[in-house]
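> Submitted below is the structure of interest, expressed as structure tokens.
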Amino acid sequence: MRINGNQIRPGMVLEHQGRLWRVAKISHTQPGKGGAYTQAEMKDIVSGTKLNERFRSSETVERARLEQVEMQYLYDDGMALNFMNTENYEQVALNYDMVGDLKVWLQENMMVQIEFYEDKAIGIELPEKIVMEIKIDSFAH
């Protein structure tokens, strides 16, 4: 789906320069001279490289069509995090880079949304609310 440059929002995944980019930050600028544009800070989903790109309001860019599938977190095998589709029991493993800092919030059997692009898992979305228990260990002096 093609969108105008001024419709870009953080979290969107764009197809740009033959790669998939997740938009991290944006800023809209309307200079006194010339047309308005959106400055987008993006991160390559595969390699993790960053790119700052300007998109004029009149330009269009391809927004990637992602499929979201609810999956259950199973376990960490030391190399990847493993999830299962509870409807058809298919499993998918996401490497640590793909999950990033969200890994610390995962709990066994937690239901999450896995994002797929052309049948390839590219990201994860955690539930809005997570209940956690905090334990404080006391140690002798």
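> Filter segment 5-36 down to the residues that are more than 21 Å from S47 (Cβ to Cβ) and assigned to a loop (DSSP other than H, G, I, E, B) and list them by number.
Within segment 5-36, R9, Q30, P31, G32, K33, G34, G35, A36 qualify.
> Which condition from (1) at pLDDT 90 or above; (2) within 22 Å of R9 (Cβ to Cβ); (3) loosely packed, with under 11 Cβ neighbours inside 10 Å; (4) not aromatic (F, W, Y) is the one that E108 breaks?
(2)
> Please work out if Y89 is among the hydroxyl-bearing types (S, T, Y) and touching a strand residue (DSSP E or B) at 6+ places or on another chain (Cβ under 7 Å).
In short, no.
> Same structure again: Kindly indicate the residue of segment 71-95 that is charged (D, E, K, R) and exposed (fewer than 13 other Cβ atoms within 10 Å of the Cβ) and also nearest to Q17 (Cα to Cα) among those meeting that condition.
Of everything passing the filter in segment 71-95, E90 is nearest to Q17 (Cα to Cα).
> Please note which strands (runs of 3 or more DSSP E) are completely contained in segment 43-88 and include at least 1 residues that are among the charged types (D, E, K, R) and in contact with a Gly (Cβ under 9 Å, 6 or more places away or on another chain).
Passing ranges, in order: 50-56.
> Moving on to the next point. Would you be able to say whether some residue in segment 121-138 is open to solvent by less than 100 Å² (accessible area, probe 1.4 Å) and over 26 Å from L14 (Cα atoms)?
yes
> Mind checking which residues of segment 12-70 are modelled with pLDDT of 90 or more, β-branched (V, I, T) and closer than 17 Å to D119 by Cα?
Those that are modelled with pLDDT of 90 or more, β-branched (V, I, T) and closer than 17 Å to D119 by Cα: V13, V69.
> Please determine, by comparing only the residues of segment 90-136 that are of a type outside the set (V, I, T), within 16 Å of Q68 (Cα to Cα) and not in a strand (DSSP E or B), which one is nearest to the chain's Cα centre (by Cα).
Once the filter is applied, the top-ranked residue is M98.
> Being among the hydrophobic types (A, V, I, L, M, F, W, C), open to solvent by less than 60 Å² (accessible area, probe 1.4 Å) and free of Cβ contacts under 8 Å to residues at least 60 places away in the same chain narrows it down to one of L51, L20, so name that one.
L51
> Just checking, how many residues over segment 61-70 are within 16 Å of G11 (Cβ to Cβ) and open to solvent by less than 40 Å² (accessible area, probe 1.4 Å)?
The qualifying residues number 2.
The values are calculated or read from the model by the stated rules, or taken from the named source; none is laboratory data. What you see is a predicted model, and the numbers here were worked out from it, not measured in a lab. We place every Cβ from the backbone using ideal geometry, glycine too, and count neighbours over all the protein chains shown. Remember, those area values only see protein heavy atoms, side chains included, never the ligands or the DNA or RNA. Shrake-Rupley method; radii C 1.70, N 1.55, O 1.52, S 1.80 Å.
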